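The structure appears right after this line, and notes come after that.
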Amino acid sequence: MSSGNAFNETHAHRGDQPIDMAELRRYRQGAGAPAAELESAVGQARRVTLSWSDGRSGQFPLMWLRDHCACDQCRHPMTRERLYKLLDDPLWERFEGDEALASLEFDARSLTLVWQDGHVSRFDAGWLYQRCPGEELATLLPTPTPWRAGFAPEHVEHADFVGDSEGRSRWVSALLRDGLVMLDRGPCELEEVSRIAESIGPMRSTNFGGRFDVRSVPNPNNAAYTAIGLELHTDLPNWRQPPDIQLLYCLENDAEGGESSFADGFAAAEILRAEKPDAFRVLSETPIDFRFQDDGHDIAVREPVIDLDAEGRPREIRFNNWIRDTLSLPLDRIEAWYDAYRAFWQILRRPEGRVELTLAPGQMVAFDNRRVLHGRNAFDPNTGKRHLQGTYLDLDMLQSHLRVLSR
Ligand SMILES: [Fe+2]
């Protein structure tokens, strides 16, 4: 095909039979996926250039196309996992030149490649459209969005959550976007929180178990099991991977006090960066020690309070004043670290950035524990009962849930 368009052939549309790409996400035209039709396909040197009816065009390297063949020999028909091994392909060296491809055909909805070794690869045009190199494959997941002044969490009715996928999608989307969402008017039943969690994924266990009770108990090993107020914090920052998502389900709440409060750690970090860049740098560049100890455990990690991703955006907040361990820093950095920590804490305390609410029996709050801080006011256990049940979930399970719901 050194002539440039030796395989630029046009064929009439051959019907609606979709090509199975071993992919559960929607990609077929007309099923909520790309509506554009394939208009041309040109094999040239080591790539195939495709154009669609809406103007999109893209180049696909031959080696990429061969690697993504979805036939039963190249993808396991049950698991959909890749069987093709580029390392063992004798054709591989020839993908760099123009000899690997024997012929190319296409119609509005498919591309068929015949390789020099006789192997045939068929691609659905909508699937290729979604995966055009240089075009981002839409993630299906909402972008985390910092709270602005006046932010209020979305509320979803428990009946809508369990009853239809729309209510469930709305709840998951709000949690991924805002890091905080409410579920209202559920049953006051023990373990309802476990049923909700397990409808999404396995509960994430910690040294406090898979599912925990929040109420005042004798001889507590954790401040949450007392009646004292809890300053804003993230749970278990002393773990290498703290739990991602926390669910707190209210069963009883008639004691005086005990109001819950939340603050967006990512938004607070951005405010700190804007107002006190030096403090932001100190908290994001200085690992400190977090540690929990009781008779059977000593769980410790050294990480910064504000962890940044490769682009410099906050990825995780670790803030929990009562399990901060000895501050072990060089002498000339100790005062600067305390100043920065105080500045961040003051921003977190600002009323305009906080959400305060009183959980009602049958109400559940869910939040991103690695982004949103939570706390509660002291309550008086002599005025009534307060009982919450909680558990944790991995973010992977939440994202997976939304992708499955969108199929
Ligand atoms: Fe907590």
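Picking from Ala340, Ala360, Ala336, which residue would you name as being surrounded by 15 or more Cβ atoms within 10 Å (Cβ to Cβ), in contact (Cβ under 8 Å) with a residue 60 or more places away in the chain and among the small types (Gly, Ala, Ser)?
On the way: Ala360 fails: surrounded by 15 or more Cβ atoms within 10 Å (Cβ to Cβ); Ala336 fails: in contact (Cβ under 8 Å) with a residue 60 or more places away in the chain.
Every option except Ala340 fails the conditions.
Return the residues of segment 316-333 that are of a type in the set (D, E, K, R) and either touching a helix residue (DSSP H, G or I) at 6+ places or on another chain (Cβ under 6 Å) or in contact (Cβ under 8 Å) with a residue 12 or more places away in the chain (or both); say none if nothing qualifies. Working first, answer last.
First, the residues of segment 316-333 that are of a type in the set (D, E, K, R): 316, 318, 324-325, 332-333.
Answer for segment 316-333, where residues must be of a type in the set (D, E, K, R) and either touching a helix residue (DSSP H, G or I) at 6+ places or on another chain (Cβ under 6 Å) or in contact (Cβ under 8 Å) with a residue 12 or more places away in the chain (or both): Glu316, Arg318, Arg324, Asp325, Arg333.
Quick one: is Asp160 without any contact (Cβ under 8 Å) to a residue 24 or more places away in the chain and assigned by TED's automatic domain parsing to the domain that holds Ala267?
Numbers: without any contact (Cβ under 8 Å) to a residue 24 or more places away in the chain: yes; assigned by TED's automatic domain parsing to the domain that holds Ala267: yes.
Judged against the criteria, Asp160 is a match.
Have a look at Glu259, Glu252 and point out the one that is under 17 Å from Arg386 (Cβ atoms), modelled with pLDDT of 90 or more and away from the ligand (no atom under 16 Å from the Cβ). First the steps, then the outcome.
Values: Glu259 fails: away from the ligand (no atom under 16 Å from the Cβ).
Criteria check complete, one pass: Glu252.
For (1) surrounded by 15 or more Cβ atoms within 10 Å (Cβ to Cβ); (2) in a loop (DSSP other than H, G, I, E, B); (3) at pLDDT 90 or above; (4) out of contact with any Pro (no Cβ under 9 Å at 6 or more places or on another chain), each residue gets a yes or a no:
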{"site": "Asp16", "(1), (2), (3), (4)": "no, yes, no, yes"}
{"site": "Tyr27", "(1), (2), (3), (4)": "yes, yes, no, no"}
{"site": "Ala31", "(1), (2), (3), (4)": "no, yes, no, no"}
{"site": "Ala36", "(1), (2), (3), (4)": "yes, yes, no, yes"}
{"site": "Thr49", "(1), (2), (3), (4)": "yes, no, yes, yes"}
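Taking segment 346-403 as the search range and keeping residues that are acidic (Asp, Glu) and closer than 19 Å to Val156 by Cα, which one is nearest to the ligand (Cβ to nearest atom)? Write out each step before concluding.
The initial filter retains those residues of segment 346-403 that are acidic (Asp, Glu), namely 352, 356, 368, 380, 394, 396.
With the extra rule that they be closer than 19 Å to Val156 by Cα, the set shrinks to 356, 368.
Numbers: Glu356: 16, Asp368: 13 Å.
Among them, the one singled out is Asp368.
Would you check if Val114 is modelled with pLDDT of 95 or more, in contact with an Asp or Glu (Cβ under 9 Å, 6 or more places away or on another chain) and not basic (Lys, Arg)? If you could, list the steps in order and put the result at the bottom.
Details: modelled with pLDDT of 95 or more: yes; in contact with an Asp or Glu (Cβ under 9 Å, 6 or more places away or on another chain): yes; not basic (Lys, Arg): yes.
Yes; evaluated as a whole, the condition is true for this residue.
Within segment 206-220, restricting attention to residues that are among the polar types (S, T, N, Q) and farther than 17 Å from Trp239 by Cα, which residue is modelled with the lowest pLDDT? Spell out how you get there, then give the answer.
Of the residues in segment 206-220, the ones among the polar types (S, T, N, Q) are 206-207, 216, 219.
Applying the additional criterion that residues be farther than 17 Å from Trp239 by Cα yields 216, 219.
Numbers: Ser216: 74, Asn219: 70.
That would be Asn219.
Which of the residues spanning segment 54-87 are surrounded by 15 or more Cβ atoms within 10 Å (Cβ to Cβ) and either of a type in the set (Asp, Glu) or more than 31 Å from the chain's Cα centre (by Cα) (or both)?
Hits for segment 54-87 are Leu62, Asp67.
Identify all residues within segment 131-157 that are among the aliphatic types (A, V, I, L, M) and free of Cβ contacts under 8 Å to residues at least 60 places away in the same chain; write none if there are none.
First, the residues of segment 131-157 that are among the aliphatic types (A, V, I, L, M): 137-138, 140-141, 149, 152, 156.
If the condition is that a residue be among the aliphatic types (A, V, I, L, M) and free of Cβ contacts under 8 Å to residues at least 60 places away in the same chain, then Leu137, Ala138, Val156 are the ones that fit.
Is there a residue being assigned to a loop (DSSP other than H, G, I, E, B), closer than 25 Å to Ser173 by Cα and in contact (Cβ under 8 Å) with a residue 12 or more places away in the chain anywhere in segment 244-252?
Here is the first cut: in segment 244-252, the ones assigned to a loop (DSSP other than H, G, I, E, B) are 244.
Of the ones still in play, those that are also closer than 25 Å to Ser173 by Cα are 244.
If we keep only those that are in contact (Cβ under 8 Å) with a residue 12 or more places away in the chain as well, we get 244.
There is at least one residue in segment 244-252 that is assigned to a loop (DSSP other than H, G, I, E, B), closer than 25 Å to Ser173 by Cα and in contact (Cβ under 8 Å) with a residue 12 or more places away in the chain.
Sort out which residues of segment 319-343 are within 16 Å of the ligand (Cβ to nearest atom), out of contact with any Asp or Glu (no Cβ under 8 Å at 6 or more places or on another chain) and either at pLDDT 95 or above or more than 26 Å from Thr226 (Cβ to Cβ) (or both), and write them in order of number.
Phe319
Residues are listed down the side, and each one gets a yes or a no for (1) among the charged types (D, E, K, R); (2) within 15 Å of the ligand (Cβ to nearest atom); (3) surrounded by fewer than 17 Cβ atoms within 10 Å (Cβ to Cβ):
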{"site": "Arg185", "(1), (2), (3)": "yes, no, yes"}
{"site": "Glu191", "(1), (2), (3)": "yes, no, yes"}
{"site": "Ile200", "(1), (2), (3)": "no, no, no"}
{"site": "Asn221", "(1), (2), (3)": "no, yes, yes"}
{"site": "Ile228", "(1), (2), (3)": "no, yes, yes"}
{"site": "Thr234", "(1), (2), (3)": "no, yes, no"}
{"site": "Gln241", "(1), (2), (3)": "no, no, yes"}
{"site": "Leu247", "(1), (2), (3)": "no, yes, no"}
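Identify, from the list Arg403, Arg407, Arg370, the residue that is assigned to a loop (DSSP other than H, G, I, E, B) and either of a type in the set (S, T, N, Q) or out of contact with any Ser or Thr (no Cβ under 7 Å at 6 or more places or on another chain) (or both).
Answer to the selection: Arg407.
In segment 148-159, is there at least one residue being exposed (fewer than 14 other Cβ atoms within 10 Å of the Cβ) and either modelled with pLDDT of 95 or more or farther than 30 Å from Leu357 by Cβ (or both)? Give the steps one after another, and end with the answer.
To start, the set of residues in segment 148-159 that are exposed (fewer than 14 other Cβ atoms within 10 Å of the Cβ) comprises 148-150, 152, 159.
This time we only want the ones that are either modelled with pLDDT of 95 or more or farther than 30 Å from Leu357 by Cβ (or both), so: 152, 159.
Yes, the conditions are met somewhere in segment 148-159.
Does segment 166-175 include one or more residues that are within 30 Å of Ala223 (Cβ to Cβ), in the same structural domain as Pro243 (by TED's automatic domain parsing) and out of contact with any helix residue (DSSP H, G or I) (no Cβ under 9 Å at 6 or more places or on another chain)?
Yes, that holds for at least one residue.
The values are calculated or read from the model by the stated rules, or taken from the named source; none is laboratory data. Treat the numbers as computed from the prediction; the structure is a model and nothing was measured. Backbone-built Cβ (ideal geometry, glycine too); neighbour counts: all protein chains shown.
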